[in-house]
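*Asks:* Right, I'll just put the structure down here and ask away after.
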Amino acid sequence: MTSTMDPAGHSPAEVPEYPMPRAEGCPFDPPPALRELQEQARVTRVKLWDGTTPWLVTRHADQRAVLTDRRVSADMTHPTYPRQAAGGGGTLSFIGMDDPEHARLRRMVGPAFMVKRVEEMRPMVQAIVDDAIDAMLAGPNPTDLVEAFALPVPSLVICKLLDVPYGDHDFFQANSRTMINRNSTPDERTSASARLAEYLGALVARKLEKPGDDLLSRLGEKIKAGDLTVRQATEMAVLLLIAGHETTANMIALSTALLLRNPDQLAMLRESDDPALARSAVEEMLRYLNITHGGRRRVALEDLEVAGCPVKAGEGLVIPNDIANRDPEAFPDPDRLDITRSARHHVAFGFGVHQCLGQPLARLELEIVYRSLYRRVPNLALATDFEKVPFKHDGFVYGVYELPVSW
Amino acid sequence: MKVFVDEDKCCGAGSCVLSAPEVFDQRDDDGVVVLLDAEPAEHLHAAVREAVQVCPAAAITLA
């Protein structure tokens, strides 16, 4: 290999830009250019929005190795960290930190998302889903599934967990959308982040005075004990509120769109009483759709090798989980949607110590939606041409802006 | 089969509990792994192997 060529054979002028566009008419599949890179090389250079050229890791096994490598950092304040975009402010709490501080902060909110605590939330989540279906069926037909169902359900759940007033949902949903839109200007993103921080900071202050039985009040106890600053608690609250509603909302709407295009899989899910099939469908939908499409971002702290490719200290790493979840080395016949397959080893929640903390809650919400929505609304259908469905090609979190449905 | 867990490595994602709830639990204080059964019966071995495979922090090892 010569020093001017990268492993995929690109000269510096030919380094492909990342992220890449999806193919017309294939909104559920990774970009074709990204798939070509995966076939060409396990590690290859890409060019980001700011002109930097970090390494992109294409294979499932290598991505898992990088994301568990302690010589690789998630520190968003590192000068050569490959950022998704300019602006936004802050580090998004422990997501952008390394251990031991990352672990210390993450473990403060860990108990709320433990499998057994989340399982205790099942009746509450089921009631929210049932009520949302009732409300949708009592409303106009056709309707937009995103506004009528996909967005309210996880927003109501995370509001309960944090004791954020659901009446403020327009405010926090709009600001979250600005923060995760690729086309927002740096100023827009920074002000949206500041507005959310101000709002949640005020809520944390109220919880300090009048604690209740909710996660923000438990962070208040940590503040009083001197383990956490108000600012750190506020950053965590912003992270949990955004991560708690945007991601699951997008999964609900996008997977419903995918199931409506795959009626055999939808029928299997609707007609089965087996909770194991619903849980298996959750994993397959996560694998197939994998809504965080911007690639995990890391920076090497030492010289190291990734799949035989030398990476120097200070170089950035981009780890796109969407392509790993379609890696034929990890999933046979990866483009076939099969809700019965064993897909638990997908990396839709990331991998390594930063893997999604809220995954038990996301799984519970999706499982209940999959077992409820399609049975209660067995004739659910797309109320527009599929070609007209607006996909979020400009978002850090993928999904649909709206999904017109009828029944 | 002997199961070992490294509490320091654990990030509390709960993956192991989903795979093998008979063998793994999480600590009330911080969500860190609790090993319920260090020598699980044979019918649990497949589930434990899955837990090892999906653990994001490589905190579970087998001997």
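The values are calculated or read from the model by the stated rules, or taken from the named source; none is laboratory data. Not measured: the values here are computed from a predicted model. Because the Cβ atoms are built from the backbone with ideal geometry, glycine has one as well, and the counts that use them run over all protein chains shown. Note: accessible area is taken over every heavy atom of the protein model, side chains too, but ligands, DNA and RNA are not part of it. Shrake-Rupley method; radii C 1.70, N 1.55, O 1.52, S 1.80 Å.
*Asks:* How big a patch of accessible area, both sides summed and in Å² to the nearest 100, lies buried between A and B at a 1.4 Å probe?
*Replies:* 1900
*Asks:* Turning to a different aspect of this structure: Report the convex hull volume per residue for the stretch A:254-296, counting only C-alpha atoms, in Å³.
*Replies:* Each residue corresponds to 65 Å³ of Cα convex hull volume.
*Asks:* Between A:Asp163 and A:Ala23, what length in nm is gained on full extension when 0.36 nm per residue of separation is reduced by their alpha carbon distance?
*Replies:* 46.3 nm
*Asks:* Dividing the Cα radius of gyration by the Kirkwood radius, what Rg/Rh value follows for the stretch A:151-290?
*Replies:* Working: Rg = 18.3 Å, Rh = 17.0 Å.
Using only Cα positions, Rg/Rh for the stretch A:151-290 is 1.08.
*Asks:* In peptide B:12-22, what is the residue-averaged number of other protein chain Cβ atoms found within 10 Å of each Cβ? Display every interim value, and only then the final one.
*Replies:* On the way: counts 12, 17, 14, 7, 1, 6, 7, 1, 0, 3, 0.
Taking the mean over all residues of the peptide, I get 6.
*Asks:* To continue, here is another question. Measure nothing fancy, just the Cα-based angle from helix B:45-54's long axis to the longest principal axis of chain B, in degrees from 0 to 90, nearest 10.
*Replies:* The angle comes out near 40 degrees.
*Asks:* Something else: Quote to one decimal, in nm, the extra length available between A:Asp213 and A:Asp187 on full extension: 0.36 nm per residue of separation minus the C-alpha distance between them.
*Replies:* Result: 5.8 nm gained on full extension.
*Asks:* May I ask for the distance between the Cα centers of the stretch A:197-272 and the stretch A:1-78, given as a whole number of Å?
*Replies:* Cα centres, the stretch A:197-272 to the stretch A:1-78: 30 Å.
*Asks:* To check my understanding: the extent here is largest minus smallest coordinate of the Cα atoms along each principal axis. What are those three numbers for chain A, in Å, largest first?
*Replies:* Projected onto its principal axes, the Cα set of chain A covers 65, 55, 37 Å.
*Asks:* Rounded to the nearest angstrom and ordered from largest down, what semi-axes does the equivalent ellipsoid of the stretch A:37-120 get from its C-alpha gyration tensor (root of 5λ)?
*Replies:* Each semi-axis is the square root of five times an eigenvalue, giving 28, 19, 12 Å.
*Asks:* Give, in nm to one decimal, the length gained when the segment between A:Asp131 and A:Asp333 is fully stretched (0.36 nm per residue of separation minus the Cα-Cα distance).
*Replies:* 68.9 nm
*Asks:* Once both labels are modelled 7 Å past Cα along the beta-carbon direction, what's the B:Phe4-A:Ala194 spacing in nm?
*Replies:* The answer from the label model is 5.2 nm.
*Asks:* Ok, one more. If you consider only alpha-carbon coordinates, what radius of gyration and Dmax does the stretch A:195-271 have, in Å?
*Replies:* Looking at the stretch A:195-271, its Cα Rg and Dmax stand at 18.9, 55 Å.
*Asks:* Then there's this: Between A:Glu39 and A:Glu305, what's the calculated FRET efficiency when r is the beta-carbon distance and R0 is 25 Å? Round to 0.05.
*Replies:* Numbers: r = 21 Å, r/R0 = 0.84.
Once the sixth-power term is evaluated, E becomes 0.75.
*Asks:* Taking loop as defined by DSSP and a crowding limit of 14 other beta carbons within 10 Å, which trypsin sites (Lys or Arg not before Pro) in the stretch A:63-165 fit?
*Replies:* Qualifying residues, ordered by number: A:Arg70, A:Arg71.
*Asks:* Pairs of alpha-carbon atoms within less than 8 angstrom and 6+ residues apart define the contacts here; what relative contact order does chain A have, in percent?
*Replies:* 24
*Asks:* Report, in order of residue number, the helices in chain A meeting two criteria: a C-alpha extent of 30 Å or more along the helix axis, and a mean Kyte-Doolittle hydropathy of at least 1.0; treat each whole DSSP H run as one helix.
*Replies:* Helices passing the filter in chain A: A:230-260.
*Asks:* Additional query: Quick one: which of A:Lys116/A:Lys160; A:Lys116/A:Lys392; A:Lys160/A:Lys207; A:Lys207/B:Lys9; A:Lys160/B:Lys9 span more than 22 angstrom between C-alpha atoms?
*Replies:* Pairs exceeding the cut-off: A:Lys116/A:Lys392; A:Lys207/B:Lys9; A:Lys160/B:Lys9.
*Asks:* Per residue of chain A, what 222 nm ellipticity follows from adding -39500 (n - 2.57) for every DSSP H run with n ≥ 4, rounded to the nearest 500?
*Replies:* -14000 deg cm²/dmol
*Asks:* Can you find, among A:Thr229, A:Val115, A:Tyr370, the residue farthest towards the positive end of the dipole of chain A? Put +1 on the C-beta of Lys and Arg, -1 on that of Asp and Glu.
*Replies:* Towards the positive end, the residue furthest out is A:Thr229.
*Asks:* With the crude spin-label approximation of a point 7 Å out along Cα→Cβ, what separation in nm comes out for A:Met124 versus A:Gln84?
*Replies:* About 2.6 nm separates the two model spin labels.
*Asks:* If you don't mind, another one. Bins of 10 Å, beginning at zero and ending with the bin holding the largest distance: percent of Cα pairs per bin for the stretch B:3-62, please.
*Replies:* Per 10 Å bin, starting at zero, the Cα-Cα P(r) for the stretch B:3-62 comes out as 27, 62, 11, 0 percent.
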